[in-house]
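The numbers here are math on the coordinates, done by the rules we state, and not lab data. These numbers were taken from a predicted model, which means no experiment stands behind them. Positions of Cβ are backbone-derived with ideal geometry, glycine not excepted, and every protein chain shown enters the neighbour counts.
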Amino acid sequence: MIVPQISAFSPGALAVAPGTHWLTVAAMLTDLAFETDPMGRFTAFGPGKVLGQPAANLLGLELASLLAGGTAEEEALSATQFRSIVTTICLECVAWHGKLRLASADGSTRMYRLALAPRITGAKVAGVYGILFDLEAPELTLPDGHAGHNGPPALRHNTMLDAETGLWSGRTFGDELGRRFDRLDVEGHPGSLIYLGFSRATSGLRPAIALRLAEELRDVVRPTDLLGRIDETTIGLWCDGMDHLTAGERAAKFCTTLPPLLPQHAVISVGVGPRWSNSGDQPDTVMEHAAIALRLADMACQRAGGEAAGAWRVWQAD
């Protein structure tokens, strides 16, 4: 991520509407924070320039118009596909994230990680919240003065996103779960929370594992699934409409397919916390169930010793 610089901005350059304080905060954590209307047209930005030009120049412009073709190795997203994603977010009230290439004012293109979520005003979706991470920018180096703080910098509980992976933070993940539960109860569908843990890895290796695990999961999950960094050694995956049997099958597959893709073939433990429609279970309850299942899976790995190739467990009430 680009190292931030202190600059003065005029009110017009900020292009931030009243009540959009989140844009200022999000802009400190990402390379760009913005809002759109239901058609995907920009309505507000965080402080600073947008893709190399003043924010005012892009107000009212459709984000899809900035899409650039990818290289032969990249699977480019078309404008039509992107518009369909925005429509789905607004109609289904779901979040989305993925990689895309955008064009700048000077004609150059860069690869970004984009995350979108529904912007709700009153009782209806008024547009989309969006954040961009520049994947081609130099990594941000934290100052030595950070040593006086306790805990990993990526895991500040008052942030919306995890700084290391770009996933929802544990707090935001729990809030999003609550919104999902309300909709699933109306539709009569189940869901499952899958915790992927790597606590057996050394502390120095954990950030790299978390980042790689997040990248791999982004590429295989459905657009309606929800990803978050629960804590230093746990990634959470919520799957709408998935019962405990299907979630167990996915957990078993994660244990075998993910380790070869991770640094030093890190062992993965998986815990599943299912939620049945109209069960009354709140997010903190389901998250605790998934955590219990993950601890049981970790215990199974420890008993197996060095021969362990990962283990998974599904929480059961009895």
Worksheet item: Quick one: Lys49, Lys124, fewest Cβ neighbours within 10 Å first, how do they rank?
Response: Lys124, Lys49
Practice prompt. Could you run the Karplus curve 6.51 cos²θ - 1.76 cosθ + 1.60 with θ = phi - 60° over segment 45-50 and give me ³J(HN,Hα) per residue in whole Hz, x for Gly and Pro?
Written response: 9, x, x, x, 6, 10
Worksheet item: HN-Hα J couplings of segment 170-187 from phi, Karplus 6.51/-1.76/1.60, θ = phi - 60°, integer Hz, Gly and Pro as x?
Response: x, 5, 5, 4, x, 4, 5, 4, x, 5, 5, 4, 4, 5, 5, 5, 5, 7
Worksheet entry | 3J(HN,Hα) from dihedral phi, segment 212-219, Karplus parametrisation 6.51/-1.76/1.60, rounded to Hz, x for glycine, proline | 5, 4, 4, 5, 5, 5, 4, 7
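Would you list Ile131, Ile194 from fewest to most Cβ contacts within 10 Å?
Going from least to most buried by this count: Ile131, Ile194.
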Response to the item:
Most exposed to least, judged by fewest other Cβ atoms within 10 Å, Met160, Met39 sort to Met39, Met160
Discussion item. Please list, ordered by chain and number, the residues whose modelled amide H lies under 5 Å from the amide H of Leu167; skip anything fewer than 5 residues away on the same chain.
Written reply: Asp162
Worksheet entry | Listed residues Ser277, His189, Leu213: farthest to the positive end of the dipole of segment 155-314 (Cβ charges) | Leu213
Worksheet entry | Theoretical gain in end-to-end length, Glu187 to Leu261 [0.36 nm per residue, Cα-Cα removed] | 23.0 nm
Response to the item:
Residues whose modelled amide H sits under 5 Å from the amide H of Asp243, counting only those 5 or more places away in sequence or on another chain, are none
Discussion item. On the principal axes of its Cα set, how long, how wide and how thick is segment 155-314? Give whole Å, largest value first.
Written reply: 45, 32, 25
Worksheet item: Given 0.36 nm per residue, what is the gain on full extension from Cys93 to Asp175 after removing their alpha carbon distance, in nm?
Response: 28.2 nm
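Contour minus end-to-end for Leu61 and Val125, with contour as 0.36 nm per residue of separation and end-to-end as the Cα-Cα distance?
21.1 nm
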